[in-house]
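Only one structure is covered here, and it is reproduced in the block below.
The values are calculated or read from the model by the stated rules, or taken from the named source; none is laboratory data. All values derive from a computational prediction rather than experimental measurement. With ideal geometry, Cβ positions are generated from the backbone for all residues, glycine too; neighbour counts draw on all protein chains shown. Each accessible area value is taken on the protein alone, full model and side chains, heavy atoms only, with ligands, DNA and RNA left out. Shrake-Rupley method; radii C 1.70, N 1.55, O 1.52, S 1.80 Å.
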Amino acid sequence: MTNQSIEFDIDLIKRYDKSGPRYTSYPTAVQFHDGFGEAEYRKWAQKSSESGRPLSLYFHIPFCDTVCFYCGCNKVVTKNRKRAAPYLERLHREIEMQAELLDGSRPVNQLHWGGGTPTFISHEEMTALMDKTRECFNLHDDDSGEYSIEIDPREVQTDTVALLRKIGFNRMSLGVQDFDLQVQKAVNRIQTEEQTLSVLEAARREGFKSMSIDLIYGLPFQSVESFGRTLDRILEISPDRLAVFNYAHLPELFKPQRRIEAGDLPSPQEKLDILQLTIDKLTRNGYLYIGMDHFAKPDDELAVAQRERTLYRNFQGYSTHADCDLVGLGSTSISQVGDTYSQNLKGMEEYYERIDAGRLAVFRGYELNEDDKLRRSVITNLICHFVLHKAEVEKSFGITFDEYFAAELDELAEMEKDGLLEQHPDRIEVKPAGKLLIRNICMVFDRYLREKANRSFSKVI
């Protein structure tokens, strides 16, 4: 059973606070290349169909009414709601093509609408999109599937939540970021507590099974005191899960962030203090640290999966469905089918052109080799369960762990001295002080990072 306790060690965090991947995949998207395209994807999709594995469907809805200055997502900011129609027309066609290729009779155990702002589209468009999905794929009708949607509470009408429940959604995540008005103004996201509460109350009334709230620390004008007030209010709301993300200020990469003044951001020390406060408050109030910014109540599916060692990590973050092939639909979405990753074209016009030609929009991807699969297994175990049992890896991949990873184990010895982990003859165990630095530990096993250490990633804390 996973030890779900966590320890905040400021000295360790400062010493190890460097940039690194978030490991929603291994190898990471940096390794994707255009030598893997539609033909390669089709070949692997055929293999996937023969396997009969269940499916996880991700739909990217890229539209937003207004831009949040902190955002680094692939999005289209527009006030014109009609712009969604041509996109959804192509999305419907892509659904048909993918269902034909993947054998639409396979059960869809997981479904997620992300963005952008999925609730940007009209109620009629939401219903039509789910109807098309149900027509082409085998969605569960007994509410047993994990069907979730990202919600911007500012984009919800009085009957939106009831509609979402009716068409099949049973989980939601709400973007809040911070309740402080000065912070909201600085990032161009004015959202009242009442807007958030009304959506949550409606979700509970309609029987949604799980509600998650997203917060961001490190935004302009945040302080320990101000963020503490937001956390207190969130604890009163009592969501099932919380994601508390670190704001990475990268204005050279994300144009909207140029509207944020670097001088308004909290100092590195204040930011660490905010993180420490967050961990203390949430864990004192019964939330467990799942890993990588995520907290959950002990009876939440994520916490249960972690205890039972069935937790998984993919492009949507932590998941309870390791057995599924993930199919991404819409511009920029990423799929994980068999031992491959693939990504759709990012530009809207390019995406339209490809779909209109009757072709899938895959433009790059990656096929894993045996070493990739081995290292992915190691990293997944560490980042999900904070423990790695060597015998399991040896049995799965036919290696002698200590010989294969001799250089990596030598590197871990320094981390062991610092109290991040313990090395045993049969396992590697992450200690409570090492959990916040799990990315650093995983990076030791990343062969591509070892070969090219100058890649640009966000800070681990």
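General remarks:
- Condition met for LYS75 (under 24 Å from ARG354 (Cβ atoms) and among the basic types (Lys, Arg)): yes
- Scanning the stretch 40-49 for residues that are open to solvent by 50 Å² or more (accessible area, probe 1.4 Å) and either within 25 Å of the chain's Cα centre (by Cα) or not polar (S, T, N, Q) (or both) turns up GLU40, ARG42, LYS43, LYS47.
- For the stretch 234-255, filtering for residues that are free of Cβ contacts under 8 Å to residues at least 60 places away in the same chain, open to solvent by 40 Å² or more (accessible area, probe 1.4 Å) and under 23 Å from CYS73 (Cα atoms) leaves 4.
- For the stretch 392-433, a residue qualifies if it is loosely packed, with under 14 Cβ neighbours inside 10 Å and charged (D, E, K, R), and the qualifying residues are LYS395, ASP402, GLU403, ASP410, GLU414, LYS417, ASP426.
- As a summary of the residue check, ALA99 satisfies the conditions (1) over 23 Å from the mean Cα position of the chain (by Cα); (2) open to solvent by less than 50 Å² (accessible area, probe 1.4 Å); (3) at pLDDT below 90; (4) not polar (S, T, N, Q) except for the one numbered (3).
- Residues of the stretch 59-92 that turn out to be in a helix (DSSP H, G or I), touching a residue at least 60 places away in the same chain (Cβ under 8 Å) and surrounded by 15 or more Cβ atoms within 10 Å (Cβ to Cβ), as a count: 3
- Test: residue in the stretch 299-307 that is surrounded by fewer than 17 Cβ atoms within 10 Å (Cβ to Cβ) and within 16 Å of SER212 (Cβ to Cβ): yes
- Checked against the criterion of being open to solvent by 10 Å² or more (accessible area, probe 1.4 Å), among the polar types (S, T, N, Q) and closer than 26 Å to GLU429 by Cβ, the stretch 318-325 has at least one qualifying residue.
- The set of residues in the stretch 159-197 that are within 30 Å of ARG259 (Cα to Cα), open to solvent by 30 Å² or more (accessible area, probe 1.4 Å) and in a helix (DSSP H, G or I) comprises LEU181, GLN182, LYS185, GLU193, GLU194, GLN195, LEU197.
- Residues that are outside any helix (DSSP H, G or I) and in contact with a strand residue (DSSP E or B) (Cβ under 8 Å, 6 or more places away or on another chain) within the stretch 424-435 comprise ASP426, ARG427, ILE428, GLU429, VAL430, LYS431, listed in sequence order.
- Scanning the stretch 93-113 for residues being assigned to a helix (DSSP H, G or I) and polar (S, T, N, Q) gives a total of 1.
Yes/no per residue for (1) assigned to a helix (DSSP H, G or I); (2) crowded, with 21+ Cβ neighbours inside 10 Å:
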| position | (1), (2) |
| --- | --- |
| ALA203 | yes, yes |
| ASP214 | no, no |
| PHE221 | no, no |
| ASP232 | yes, no |
| GLN257 | yes, no |
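- Taken as a whole, the stretch 19-39 holds no residue that is more than 30 Å from GLU414 (Cα to Cα), open to solvent by less than 20 Å² (accessible area, probe 1.4 Å) and of a type in the set (A, V, I, L, M).
- Any hit, the stretch 431-438, residues being at pLDDT 95 or above and more than 22 Å from the chain's Cα centre (by Cα): yes
- Flag for LYS373 being open to solvent by 30 Å² or more (accessible area, probe 1.4 Å), in contact with a strand residue (DSSP E or B) (Cβ under 7 Å, 6 or more places away or on another chain) and of a type in the set (D, E, K, R): no
- When ASP143 is tested against (1) over 21 Å from PHE63 (Cβ atoms); (2) in contact (Cβ under 8 Å) with a residue 24 or more places away in the chain; (3) touching a Ser or Thr at 6+ places or on another chain (Cβ under 9 Å); (4) open to solvent by 20 Å² or more (accessible area, probe 1.4 Å), exactly one condition is not met: (3).
- Residue count, the stretch 29-58 (criterion: of a type outside the set (A, V, I, L, M) and part of a helix (DSSP H, G or I)): 13
- Whichever residue in the stretch 118-140 is open to solvent by 50 Å² or more (accessible area, probe 1.4 Å) and part of a helix (DSSP H, G or I) and, among such residues, is nearest to LYS79 (Cα to Cα): GLU124
- Only listed residue being assigned to a helix (DSSP H, G or I), closer than 14 Å to ILE6 by Cβ and either at pLDDT below 95 or open to solvent by less than 40 Å² (accessible area, probe 1.4 Å) (or both), chosen from ILE290, ILE279: ILE279
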